Amino acid sequence: MTDQVIYDRGYRSYDGPRLGPKGARRAVYKDGVRRVLGLGRKARLKIFPWSLIVIAVVAAAVFVGVHWAIGNIEESMRQEIPTYGGLFDFYSGISLLFIALAGPQLLIPDRTRGVLSVYFSRPLTVDGYLTSKVGAFATVVAAIYIVPQAVLHLGLGLIAEEGFLSYLGNNLDILWKVPVTILAFVLVHGAVVFALSAVIDRTGIAAAAFLGTLFAGAAVAGRVAEAGFPGASYFSLLAIDHHPRIIRDYFFGDTVEYAPEAAGFEVWVSVVVIVGLVALAAWFVRFRYRRLA
Amino acid sequence: MSAILEVDDLTHDYGEVLALSGLTLEVPPGVTGLVGANGAGKTTMLRLMLGLLHPTAGSMQVLGHDPQREPLVVRSRIGYMPEGECLPKDQTAADFVSYAAQLAGIPSHEAKRRSSETLFLVGLEEERFRFLGDFSTGMQQRVKLAQAIVHDPDLLLLDEPASGLDPEGRTQMLDLIKRLSDFDVNVIVSSHVLTDIEQTCDWVVMLDAGNLLRSGPLQGFEKLGTVLVEVLEHPDSVAAAIEEKGFDVVVDGLRLVVGPGDESIEPIVIAAAANTGSGLVRMIRGSASLEDLFLNRETV
C-alpha cells in the first residue's frame, strides 16, 4: 500500500482550444515515433534503435569513402563498386532488425497493458489509431532507409569529377527510384510485422516470428517452387521478402536471382503481390482491433 | 440543468446473455453512483455511454448526444478511468498524463502544463518523472484518475476508483471525487462498494442482473426504510389492514415491521390502528442503508 497523500490544491478548468480527432491522431503518431526511437523511455530502450541508425549512416559514409579511395587509385574501378542498390542490400539486415523491434513496440504494449481502453475513451476511432501507428512506423522506417541513401547520394556528388551539382543533375532518377524502392520495403515488411503484432502478445516472440516468416518463408517457398509438381512455381510468390528486392533490382540492376524470378514471374507480379499483401494485412489488423475496441 | 444521462428502454445482449434489460432512467448533474454486483451490467452501461457498444434496443443520450451516432463528440467531453490496468509501464507519469490530454485534443504545450497541475492535484507531484512501472497500486490509481480529468471533461466515468487504496487514501480519493462536482464536473462512479457510494454520491442507480432496481437521490433512499409499530392488541387485524394498502408486514407478537416504503406508511398505520381499535403504542421509522436496499432487491 502507498504512503502517498492526496493534497487537494484545487482543480482548474480548461477553456483553450481542443483539436478533436485530428489532435488525437497527431498525438498517437508523435507517440509512435517517440516509442520506436525510445524517446522518453528508459535508456536501455534507446540503445538498440539508435545503434542501428548509427550503423546504417556509417555504412553509407563508408561506401562514399570506398568510392573516393578506389576512385583516386583507378577511376574505372569505381564502376564496380556497389552504389544505391548495393547499399540497400548492405543494410537490409539492419533495417529488418529495426522493423522487428519497431512493429511489435507500436502495437503490443498498448494492447497487453490495457492502454487501448484509454485510447478508445478519447475522440479516436480504431481506424484513426491504426493509421497513426502505421504513419509513425512508415516515417521512422523510411527515414532509416532514406538517410543513408541521402548520405551516399550527397557523398558521391561531392567526390564526383563532374562536380557536385552536375552529379545531382545527371542522377535525378535517383530521387524517385530510391523512394519507390523504400516504399516497397516499408509496405511488405510493415504488412507482415503489423499482422503478426496484432495477434502475438509478446514483443520478442513477434519479432522472432517476423524474421522467421521472412527468412524461413523465403527458403521454404523457394524449395517448394523447385519441386516440379503442377503449380509449384506459384509457391515462389510466398517468398514475401523477395518482392521488394525484385523491385530494387529492377531499378538498380540485378544482384541475385530471387525465387519468383527463378519461377519466371515478371516484376509486375511482385507489385501485385505487394498490393495484395498490404490489403490483406490491413483488413486483418483492422478486423482484429475493431473486435478489441 | 438537463439530465447528463437519459436512457430509454435500453437493452443490450451478448448473444444469449442479456446484459441490460429495458432500462429507462435519467441521471441529473452531480455525482452519481452506479451500483451493482459483478455481472449487473455496470461496465456494459459505461461502454454504451462511450459508444464502444451498440444497444440491442432502446436509446441513450449522454450530455445531450447519442453516443451511437456521435461517439467522438461524446468521448471528447468524457473522462474515463478504467477499472483494470491501463498504464504503459515504460512511460513517466508526466509523459503519460500529458499524452492522455493530447489524445483528448489539448495542444501539446498546454497538455504538459495541465499534466503537471493534475498530477499535483492527485498528490504525485514528486513522483511525476518516475516510470509508471515503478509505481505502487495506489499510485497507479491516482495516475488513472489524473489521465481521466486532465482534459477537464464535462462528465467523468470512474470504474472502481478506490480499488487498491489504503483506508486513508480511499477517503482522500472519495473526497476528491466529491469535490469535482463543485467544479462543474459531473461524475458517474461505478462501484460495488456501497459505502463508497454513500460517502460520495448525490444520486444512485442500482442495477441487478441487467435490471434497474432503483434510480434516485441518495437522500430519498433513507425514507424507504421500514417502520417499527407496536400495538396494544389485535396485531393481525392491523397487519391485514396495512397489507391491503400494498405494504409488507411482519408480525412479531404485538410488534409489526412495516415496509420498506416512503412516508405514506405512517398515516396508513395510524388509520389501521384506529379502525381496528388496536391502540397504537409507538411507531419508529428505521433507516435503510444502500446495502439493505440492495440486499432486499426492491425495485421502485
(request) Quick one: count up the residues across the range A:104-152 that are buried (at least 17 other Cβ atoms within 10 Å of the Cβ), free of Cβ contacts under 8 Å to residues at least 24 places away in the same chain and either within 19 Å of B:L53 (Cβ to Cβ) or more than 9 Å from chain B (Cβ to nearest Cβ) (or both). (result) 3
(message) As an exercise: evaluate B:Q147 against (1) crowded, with 24+ Cβ neighbours inside 10 Å; (2) under 13 Å from the mean Cα position of the chain (by Cα) and give the number of the one condition it does not meet.
(response) (2)
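Residues are listed down the side, and each one gets a yes or a no for (1) more than 21 Å from A:S13 (Cβ to Cβ); (2) at the interface with chain A (Cβ under 9 Å from one of its Cβ atoms); (3) under 22 Å from the mean Cα position of the chain (by Cα); (4) free of Cβ contacts under 8 Å to residues at least 40 places away in the same chain:
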site: B:M49; (1), (2), (3), (4): yes, no, yes, no
site: B:A57; (1), (2), (3), (4): yes, no, no, no
site: B:V62; (1), (2), (3), (4): no, no, yes, no
site: B:G79; (1), (2), (3), (4): no, yes, yes, no
site: B:A93; (1), (2), (3), (4): yes, no, no, no
site: B:V97; (1), (2), (3), (4): no, no, no, no
(message) What are the pairs with Cβ atoms under 6 angstrom where one residue, in the range B:117-144, is in contact (Cβ under 8 Å) with a residue 40 or more places away in the chain and the other, located anywhere, is surrounded by 19 or more Cβ atoms within 10 Å (Cβ to Cβ) and among the basic types (K, R)? Sequence gap at least six, or different chains.
(response) B:V122/B:R142
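Name the residue, out of A:F251, A:F215, A:F229, that is touching a Lys or Arg at 6+ places or on another chain (Cβ under 8 Å) and either among the aliphatic types (A, V, I, L, M) or surrounded by fewer than 19 Cβ atoms within 10 Å (Cβ to Cβ) (or both).
Details: A:F215 fails: touching a Lys or Arg at 6+ places or on another chain (Cβ under 8 Å); A:F229 fails: touching a Lys or Arg at 6+ places or on another chain (Cβ under 8 Å).
Going through A:F251, A:F215, A:F229 in turn, the sole match is A:F251.
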(request) Could you tell me which residue of the range B:134-159 is farthest from B:Q102 (Cα to Cα), considering only residues that are in a loop (DSSP other than H, G, I, E, B), touching a Lys or Arg at 6+ places or on another chain (Cβ under 9 Å) and not aromatic (F, W, Y)? (result) B:D154
(message) So the check is Cβ under 6 Å with 6+ separation or different chains; which pairs have a first residue in the range B:149-165 that's within 15 Å of B:P71 (Cα to Cα) and a second one that's at pLDDT below 85 and surrounded by fewer than 21 Cβ atoms within 10 Å (Cβ to Cβ)?
(response) none
(request) For residues that are under 10 Å from A:P104 (Cβ atoms), part of a helix (DSSP H, G or I) and not hydrophobic (A, V, I, L, M, F, W, C), tally how many sit in the range A:191-228. (result) 3
(message) Could you check the range B:40-81 and list, in sequence order, the residues that are crowded, with 18+ Cβ neighbours inside 10 Å and of a type in the set (G, A, S)?
(response) B:A40, B:G41, B:G51, B:S76, B:G79
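Which ones in the range A:112-142 are of a type in the set (G, A, S) and out of contact with any Pro (no Cβ under 9 Å at 6 or more places or on another chain)? Quick ask: steps written out before the conclusion?
Applying the first criterion (of a type in the set (G, A, S)) to the range A:112-142 yields A:114, A:117, A:121, A:128, A:132, A:135-136, A:138, A:142.
A:S132, A:G135, A:A136, A:A138, listed by residue number.
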(message) Which residue is nearest to the other protein chains (Cβ to nearest Cβ), if the candidates are limited to the range B:186-211 and must be in contact with a helix residue (DSSP H, G or I) (Cβ under 7 Å, 6 or more places away or on another chain) and surrounded by fewer than 21 Cβ atoms within 10 Å (Cβ to Cβ)?
(response) B:Q199
(message) It is to be established whether one or more residues within the range B:164-180 are closer than 29 Å to B:G22 by Cβ and at pLDDT 80 or above.
(response) no
(message) Can you tell me which condition B:R128 does not meet? The list is (1) more than 9 Å from chain A (Cβ to nearest Cβ); (2) part of a helix (DSSP H, G or I), and all the others hold.
(response) (2)
(message) Among the residues that make up the range B:99-118, is at least one of them aliphatic (A, V, I, L, M), modelled with pLDDT of 90 or more and farther than 18 Å from A:P123 by Cα?
(response) no
(request) Search the range A:31-45 for residues being more than 7 Å from chain B (Cβ to nearest Cβ) and in contact with a Ser or Thr (Cβ under 8 Å, 6 or more places away or on another chain), and hand back the single one that is surrounded by the fewest Cβ atoms within 10 Å (Cβ to Cβ). (result) A:V33
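The values are calculated or read from the model by the stated rules, or taken from the named source; none is laboratory data. Computed from a prediction, not measured in an experiment: that's the story for all the values here. A quick note on method: Cβ atoms are made from the backbone with ideal geometry, for glycine too, and the neighbour counts reach across all protein chains shown.
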